[in-house]
Amino acid sequence: MPRPTAARLALGSATVVCSTVILLLLTGATSDAAIALSATLSLLLGVAVAAPPRAAAGRGAGPADRGHAGHAPGPHVESRAHAGADTAWESPLPGRSSGQGGARRP
């Protein structure tokens, strides 16, 4: 299980503090049991916020459905720079390309 980032830990801590204060103010809890319940609920909420998201389990999450290692499934779009030997820059302006140095085509 991956560890939570510092931002997630800070967000989870802030969630615990804010939700505890809000629950205590809204419910008007004065007994020890009600305060403990509010703190426990806030702590569970903070842990849920700070925990990193889990990978989807079940159908479609197996290794065969993920494509090859390290790549997301779906269509592969190859950029023009990595397309192969033909890496000449094409200008969106008519009559200009990288090989002409800005001169107009006849």
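The values are calculated or read from the model by the stated rules, or taken from the named source; none is laboratory data. The structure displayed is predicted, hence computed values, not measured ones. No Cβ is skipped: glycine too gets one built from the backbone with ideal geometry, and neighbour counts run over all protein chains shown. Areas reflect the complete protein model, heavy atoms only, side chains present, ligands, DNA and RNA absent. Shrake-Rupley method; radii C 1.70, N 1.55, O 1.52, S 1.80 Å.
Data for the structure
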| read-out | value |
| --- | --- |
| Under Karplus coefficients 6.51, -1.76 and 1.60, residue-wise ³J(HN,Hα) of segment 26-31 in Hz, glycine/proline x | 6, 8, x, 5, 10, 7 |
| With all protein chains modelled, accessible area of Thr27 [1.4 Å, Å²] | 90 |
| Net length gained if the chain between Leu24 and Ala10 were fully extended (0.36 nm per residue, minus Cα distance) | 2.9 nm |
| Efficiency of FRET between Ala33 and Arg3 - r from beta-carbon atoms, R0 30 angstrom, step 0.05 | 0.30 |
